[in-house]
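Asker: Got a structure here, written out as structure tokens. Questions coming.
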Amino acid sequence: MKPAHANAFAPQLVSQLRNYGKLMRLDKPIGIWLLLWPTLWALWLAGNGVPDQGLFVVFVIGVVVMRSAGCVLNDYADRKIDPYVERTRTRPIASGAVAPMEALTLFAALGLIAIGLATMLNTPARLLAIIGAGLTIAYPFVKRYLSIPQFVLGAAFGWGVPMAFAAQTGTIPELAWLVFGTAMIWAVIYDTFYAMVDREDDKKIGVKSTAILFGEVDLFVVAGLQVLMLFALALIGYRAELGFWYYLSVAIAAALMGWHQWLARDRQPAGCFAAFLHNHLIGMVVFIGIVLHYTFNPSGAG
């Protein structure tokens, strides 16, 4: 017979582990996808369609770990704000399910895992990883001071791109920075849709965002950014000598962008949130286009 307190401990432990999972947003993988797709674009482009298998594993795990760490730190930074926002009041720290010190401990543990992963990379990639860590730590705090925190988020979410090129080739060519810039523009697009959901709450509590900065011309500015992203994607195709399958994926991405504009047309929170959630399809489609190009053109020629 087990003691009564042992029977009570197991469900309590499982419940708390579940709370930690929610704090890391493992139940909402959209952020993992948005961070993963540009990283995979970079790995395939840097490896001419045949990325190093070990690097693939390190970067995929790294994406999950860094996104989780970013979410934990974000919720810690927002612990006094989240209880007053409808969408965030049930988050683990805001609801009291996880103590702030527990969150910091979890963040430190994830950081140690990330450091362990970084040690498996070459020196250029390790140096870039330090900058990436700085961007991850900075983002949760800049939204109190900058009107364009989405650009900092974009830099953080796109930083896997130069890291992937550096890890795969030992260099960071012009193509890497072009892909990074494209990922950064994309992050501003989807995170503006996301910020449009919380715009009224953010105004009340003083959190800054591009949704507030762009105001009534938000969808027009986003449309301009979408056109800029499509131009950048086309330029990537030209520089990397990609062919038909890639450009077909860019055309599909353009159609998806039009759909996202339609979803957010009334600026209703539900529609804006749907536009944000479905943005990862753009990253997926572009990645499929890159993979198909190298599948049917193994030499890497367009």
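Asker: Is it the case, given these coordinates, that ALA164 is of a type in the set (Gly, Ala, Ser), within 13 Å of the chain's Cα centre (by Cα) and modelled with pLDDT of 90 or more?
Answerer: It is false that ALA164 is of a type in the set (Gly, Ala, Ser), within 13 Å of the chain's Cα centre (by Cα) and modelled with pLDDT of 90 or more.
Asker: Only residues that are surrounded by 19 or more Cβ atoms within 10 Å (Cβ to Cβ) and not in a helix (DSSP H, G or I): list them for the range 166-207, please.
Answerer: Selection gives ILE172, ASP198.
Asker: Let me ask another. In the range 253-281, which residues are under 16 Å from TRP41 (Cα atoms) and either in contact with a strand residue (DSSP E or B) (Cβ under 9 Å, 6 or more places away or on another chain) or crowded, with 17+ Cβ neighbours inside 10 Å (or both)?
Answerer: ALA253, ASN279, HIS280
Asker: Step by step: first the residues of the range 115-160, then only those that are at pLDDT 90 or above, among the polar types (S, T, N, Q) and outside any helix (DSSP H, G or I), then the one that is surrounded by the most Cβ atoms within 10 Å (Cβ to Cβ). Which residue is that?
Answerer: ASN122
Asker: Can you tell me which residue is farthest from ASN279 (Cα to Cα) among those in the range 18-62 that are in contact (Cβ under 8 Å) with a residue 40 or more places away in the chain and β-branched (Val, Ile, Thr)?
Answerer: Residue satisfying both the conditions and the ranking: VAL50.
Asker: Give all pairs with beta carbons closer than 9 Å in which a residue from the range 75-91 that is modelled with pLDDT under 80 meets a residue that is assigned to a loop (DSSP other than H, G, I, E, B); count only pairs at least 6 apart in sequence or on separate chains.
Answerer: Once the first residue is modelled with pLDDT under 80 and sits in the range 75-91, its partners that are assigned to a loop (DSSP other than H, G, I, E, B) give VAL85/ASP78; VAL85/ASP198; VAL85/VAL207; GLU86/ASP198; ARG87/ASP198.
Asker: In addition: Determine if the range 240-250 includes at least one residue that is touching a Lys or Arg at 6+ places or on another chain (Cβ under 9 Å) and either surrounded by 21 or more Cβ atoms within 10 Å (Cβ to Cβ) or among the hydroxyl-bearing types (Ser, Thr, Tyr) (or both).
Answerer: Looking through the range 240-250, none of the residues is touching a Lys or Arg at 6+ places or on another chain (Cβ under 9 Å) and either surrounded by 21 or more Cβ atoms within 10 Å (Cβ to Cβ) or among the hydroxyl-bearing types (Ser, Thr, Tyr) (or both).
Asker: While we're on this one: So which residues in the range 6-30 are surrounded by fewer than 20 Cβ atoms within 10 Å (Cβ to Cβ) and either on the phi > 0 side of the Ramachandran plot or under 16 Å from the mean Cα position of the chain (by Cα) (or both)?
Answerer: Once the filter is applied, which keeps residues that are surrounded by fewer than 20 Cβ atoms within 10 Å (Cβ to Cβ) and either on the phi > 0 side of the Ramachandran plot or under 16 Å from the mean Cα position of the chain (by Cα) (or both), the range 6-30 yields ARG25, LEU26, ASP27, LYS28, PRO29, ILE30.
The values are calculated or read from the model by the stated rules, or taken from the named source; none is laboratory data. Nothing here was measured: the structure is a model prediction, and the numbers come from that model. Don't worry about glycine lacking a Cβ; one is built from the backbone with ideal geometry, like all the others, and counts go over all protein chains shown.
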